[in-house]
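K.L.:
This is the structure I want to talk about, given as structure tokens.
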Ligand code: TRP
Ligand code: ZN
């Protein structure tokens, strides 16, 4: 499609049920890399509940037509560019359609493709149509029988969904396997894998006593990196049984790892396919963050078996029905694995990390040109709507039901949801109705969370009447100064659960009694804000309290309240809600950093803030706080988050401010950082436990602060020893980054030596080579050697490969998305690089190209001197790109 034409738009309100249903599918594959023949036999029946249509239109893309047979006779079909139409279809018919696709020429990683010599599929959202002609929409559910035939030496393993029912030898060195999936499913959950793979196996008994076979399939050399994924799978199975009463329904559950993949992983029924990055781990090659991601994503895909597969989506506008809910479930799972379902302090670490990601990725999206409600109203390309909003804000919306109903009430709602919708395709409204009906609640106003884009603001004012001992809290909801594009329509006030506590004079929680209640109850209360403005009055308040607002981040909103610096310091030191303790620290740091950035932008002198430094010293030396929590408290807000808060963002000033404060903290707390480093060593074998990884996190944060000192000798000494002696990737990579930073500021090249050593040790391991690329892309860079030049040079490194999405993310995305000060260089060199790469990727892999394209969509939020070169780069790209994916993004950005 030429980019000057606007792509056709699909609208939510245009949904109509399919005119035909497909009850069963039988697929036969003759697998060969250049040409794979697919014989597809479907039992089609007219849908009694839909508009009658004479002909059946199936979709198919990049397929070569061979033949069509209807009930045993040649069929009358019209084969078009993206479709196959069967004329005059009776009420029921068996069709056999044969076509050919070209897996090795497929660089999009949608449909059937080849990766490192093996075959894989990716069908969500609309990839099945690249395999065969079909009703490729999620409300058409069928049972599948799949026969795979391939050369036995090249493809010894042949996998598909469900149960293996037959296998054997064929002529010419070929063999076959036949799979049957007993559960009806939409086409996007189909998968096949064929190649040279080996599995780690385990047998477990699920709650009903049934024995299940679990397998993690990888390339033979990677078998020693599968234990953590298997352990995570077993933990996920157990957790879903106890928390939601949901049992694994298949006799066999398989996970397969592939190194070429557009996203994290995919929940195909019984045959999850994962990016290797989220499966392979051992101490030497994977960091604590990798271990945590693997646990979360293995959980996420496993939990989809019920929320997504057993109950699927009626249409793609309902995507958050499965993704928001499943992210919520994986967040709850990980929080439970942090230290039990009931341990608030341990769970808070996970909550803080999740909110940090939400604010950084979703709030920005929600105030830019791609802003959409969690249930979008329209799209040109559905792949562009696998977004932070659908996933992460969607999870917050699900979490709000639990906050309003309690865990037990939420469970009742889930039970009713499965009772009503198991085995079918549902909508977000169905989920909301189940939550409401199971609990006798009216959630009609709650619907606005699904249809309203933009981040709501809740402004808080308080009034204490000492004589009457009354404390009133007035909450006002609005959309602040959010841009008009972020809120195409204003639906009226939202139903917002607003958790609040009141701290007494000694920083201790008061027991709360609202006006009209007979006695004081718990110390945290969930206020239900349903009007534009509401006042809640607490009685028997004997002293002026300090409010702790939106505890545990009970709603995805921005709170505005005029805390003094002293009040924030009290919350930081005393709040019983660990989330709000962290929040108070972040507020203090954010205020300081924004004021430093303003001074930096005006070339004014920057000065240290002693109060902030004292607060940080107290946190750092507070042995009652876990190391993991202290680490989170002491990480400054990211440059991206800070820039988001500025009008006319100035990435260079933000960078200068944050670096200044880091150096101040490094200098003022040098002795404390050194002591903390020594106190948090983790001798002995590597363990990826929350406790050990928390200690490593705090120790390595200390090292990173020490590397900021004017004289980084201590950091260099510690980092060199740590680099050489490390028995795990977390410590080795933290030491490498510290060496890179210290050597850049000292103008020396020992960072280069460490990088060379790192490459030499790990050049055979693609996931670690990705890290090596990413460290360099995220480097600070100097005026003599800006990072863009390093990145350009690395593009010609023999290990760079633009067809591998992980490598592209490691080098190109890390630079454009995670190195704001260098990417936004004043000369526009970063934008020119971005434009070249978007165009190159557009021709190879539109999904990956579109993700990169999004990195300039917020151009209007930047200072004028950057806005113009950004707009130029976008315009240049607009003229050259062709994919629907990238065209949609660039059009919206420039609109
Ligand atoms: N359903 C997958 C998940 O969230 C997402 C996914 C995997 C995906 N691969 C994809 C979405 C390719 C679009 C295209 O777990
Ligand atoms: Zn998902």
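K.L.:
Using r as the Cβ-Cβ distance of residue 210 and residue 23, and R0 as 22 Å, what FRET efficiency do you calculate, to the nearest 0.05?
P.N.:
Values: r = 27 Å, r/R0 = 1.24.
Taking R0 as 22 Å, the efficiency between residue 210 and residue 23 is 0.20.
K.L.:
For segment 20-196, rounded, prolate or oblate, judged on the Cα gyration tensor with a ≥ b ≥ c (square roots of eigenvalues), a/c < 1.5 rounded, else prolate if a/b > b/c?
P.N.:
Values: a/c = 1.76, a/b = 1.62, b/c = 1.09.
In terms of gyration-tensor shape, prolate.
K.L.:
For the pair residue 785/residue 871, report the inter-label distance in nm, with labels modelled 7 Å from Cα in the Cβ direction.
P.N.:
Going by the 7 Å Cα→Cβ label model, 3.7 nm.
K.L.:
Now a separate question. Please list 207-220, 177-190, 21-34 highest first by mean number of surrounding beta-carbon atoms within 10 Å per residue. Please report the intermediate quantities before stating the final value.
P.N.:
Working: 207-220: 16.1, 177-190: 21.7, 21-34: 18.2.
So the order, starting with the most tightly packed, is 177-190, 21-34, 207-220.
K.L.:
Note the full-extension length gain between residue 565 and residue 543 as 0.36 nm times their separation in residues minus their Cα-Cα distance, in nm to one decimal.
P.N.:
Values: separation 22, 0.36 × 22 = 7.92 nm, distance 2.01 nm.
The span from residue 565 to residue 543 would gain 5.9 nm if fully extended.
K.L.:
Take each of the peptides 298-306, 687-695, average the number of other beta-carbon atoms within 10 Å over its residues, and list them starting from the highest.
P.N.:
Details: 298-306: 25.3, 687-695: 19.1.
Descending packing order for the listed peptides: 298-306, 687-695.
K.L.:
Sort out for me the Cα centre separation of segment 109-167 from segment 15-82, rounded to whole Å.
P.N.:
16 Å
K.L.:
From the gyration tensor of the Cα coordinates in segment 616-745, what semi-axes in whole Å does the equivalent ellipsoid have, largest first, with each one equal to sqrt(5λ)?
P.N.:
Working: eigenvalues 124, 60, 42 Å².
Over the Cα atoms of segment 616-745, the ellipsoid semi-axes are 25, 17, 15 Å.
K.L.:
I want to check the label-to-label distance for residue 667 and residue 478. Put each point 7 Å from Cα in the C-beta direction and report it in nm to one decimal.
P.N.:
4.1 nm
K.L.:
On a 0 to 90 degree scale, rounded to 10, what angle separates helix 864-880 from the longest Cα axis of the chain?
P.N.:
Once rounded, one gets 0 degrees.
K.L.:
A follow-up question, please. On average over all directions, what projected area in square nanometres does segment 614-894 have, based on the convex hull of its Cα atoms?
P.N.:
Numbers: hull surface 61.6 nm².
Mean projected area for segment 614-894: 15.4 nm², to one decimal.
K.L.:
Given 0.36 nm per residue, what is the gain on full extension from residue 341 to residue 78 after removing their alpha carbon distance, in nm?
P.N.:
Numbers: separation 263, 0.36 × 263 = 94.68 nm, distance 5.76 nm.
Computed gain between residue 341 and residue 78 is 88.9 nm.
K.L.:
Something else: Expected output is a single nm value to one decimal: the length gained when fully extending between residue 53 and residue 610, i.e. 0.36 nm times separation in residues minus the C-alpha distance. What is it?
P.N.:
On the way: separation 557, 0.36 × 557 = 200.52 nm, distance 7.51 nm.
Net length gain for the segment: 193.0 nm.
K.L.:
Packing-wise, with mean Cβ within 10 Å as the measure, how do 249-260, 605-616 rank, highest first? Let's see the in-between values first.
P.N.:
Details: 249-260: 21.6, 605-616: 15.4.
Ranking the peptides 249-260, 605-616 by packing returns 249-260, 605-616.
K.L.:
Please rank 740, 97, fewest neighbouring Cβ atoms within 10 Å first, as an exposure proxy. Can you show the working numbers first?
P.N.:
Values: 740 22, 97 26.
Ascending Cβ contact count within 10 Å gives the list 740, 97.
K.L.:
Give me the one-decimal Kirkwood hydrodynamic radius in Å for segment 251-408, with the sum taken over alpha-carbon pairs.
P.N.:
Here the Kirkwood hydrodynamic radius works out to 16.7 Å.
K.L.:
Taking N as the number of residues in the chain, what is its Cα Rg relative to 2.2 N^0.38 Å?
P.N.:
Relative to the 2.2 N^0.38 Å estimate, the chain comes out at 0.96.
K.L.:
So, one more: Using Cβ contacts closer than 10 Å as the measure, can you line up 752, 396 from fewest to most? Walk me through the intermediate numbers first.
P.N.:
Details: 752 12, 396 24.
Lowest count first: 752, 396.
K.L.:
Further question on the same structure: Would you calculate, for the chain, the mean residue ellipticity at 222 nm contributed by helices, counting each DSSP H stretch of 4 or more residues as -39,500 (n - 2.57) and dividing by all residues, to the nearest 500?
P.N.:
Numbers: 27 runs with 345 residues, N = 895.
After summing the helix terms and dividing by residue count, I get -12000 deg cm²/dmol.
K.L.:
So, how do all the Cα-to-Cα distances of segment 503-606 break down into 5 Å bins, in percent, from 0 on up?
P.N.:
2, 10, 18, 20, 18, 13, 7, 5, 3, 2, 1, 0
K.L.:
Report, in whole Å, the centroid distance computed from the Cα atoms of segment 505-534 and segment 788-861.
P.N.:
Using only Cα atoms to place each centre, the spacing works out to 50 Å.
K.L.:
Apply the Kirkwood formula to segment 30-76: the hydrodynamic radius equals the inverse of the mean of 1/r over all pairs of different alpha-carbon atoms; give it in Å with one decimal.
P.N.:
Final number for the Kirkwood radius of segment 30-76 is 13.6 Å.
K.L.:
Considering only C-alpha atoms, what is the centroid distance from segment 704-777 to segment 302-334, in Å?
P.N.:
What the calculation gives is 39 Å, centre to centre.
K.L.:
Whole percent per 5 Å bin, from 0 to the bin with the longest distance: what is P(r) over all C-alpha pairs of segment 129-232?
P.N.:
So the P(r) values, bin by bin, are 2, 10, 16, 18, 20, 18, 11, 4, 0, 0.
K.L.:
Now a separate question. With a Förster radius of 30 Å, plug the Cβ-Cβ distance of residue 35 and residue 85 into 1/(1 + (r/R0)^6) and report the FRET value to the nearest 0.05. The partial results should precede the final answer.
P.N.:
On the way: r = 24 Å, r/R0 = 0.81.
Efficiency at R0 = 30 Å is approximately 0.75.
K.L.:
Next up: Rounded to the nearest 0.05, what FRET efficiency do residue 167 and residue 43 give with R0 = 30 Å and r taken as the Cβ-Cβ distance? Could you check?
P.N.:
Working: r = 25 Å, r/R0 = 0.82.
Result of the calculation: an efficiency of 0.75.
K.L.:
Could you work out the Kirkwood radius for segment 197-305, taking every pair of different alpha carbons, averaging 1/r and inverting it, reported in Å? If you can, show how the numbers build up before the last one.
P.N.:
Numbers: mean 1/r = 0.0725 Å⁻¹.
About 13.8 Å, per the Kirkwood formula over Cα pairs.
K.L.:
Note the angle between two axes, namely the Cα long axis of helix 227-244 and the longest principal axis of the Cα atoms of the chain, as a number of degrees from 0 to 90, rounded to the nearest 10.
P.N.:
Once rounded, one gets 90 degrees.
K.L.:
Report the label-to-label distance for residue 105 and residue 407 in nanometres (one decimal), using points 7 Å from each Cα along the Cα→Cβ vector.
P.N.:
Output for this residue pair reads 5.6 nm.
K.L.:
Moving on. Angle check, please: helix 319-337 long axis (alpha carbons) against the longest principal axis of the chain (alpha carbons), in degrees 0 to 90, nearest 10.
P.N.:
The angle comes out at about 50 degrees.
K.L.:
Moving to a separate point now. On average, how much area does the Cα convex hull of segment 25-118 cover when viewed from any direction, in nm²? Walk me through the intermediate numbers first.
P.N.:
On the way: hull surface 27.2 nm².
Orientation-averaged projected area of the Cα hull: 6.8 nm².
K.L.:
Per residue and in cubic angstrom, what volume does the convex hull of the Cα atoms of segment 316-451 have? Walk me through the numbers before you get to the answer.
P.N.:
On the way: hull volume 15.3 nm³, N = 136.
Looking at segment 316-451, the number lands at 112 Å³ per residue.
Read-outs throughout are calculated quantities, based only on the coordinates presented, and are distinct from any laboratory measurement. Keep in mind the model is a prediction, meaning the values are calculated, not measured. Heads up, the Cβs are rebuilt from the backbone with ideal geometry, glycines too, and the neighbour counts pull from every protein chain shown.
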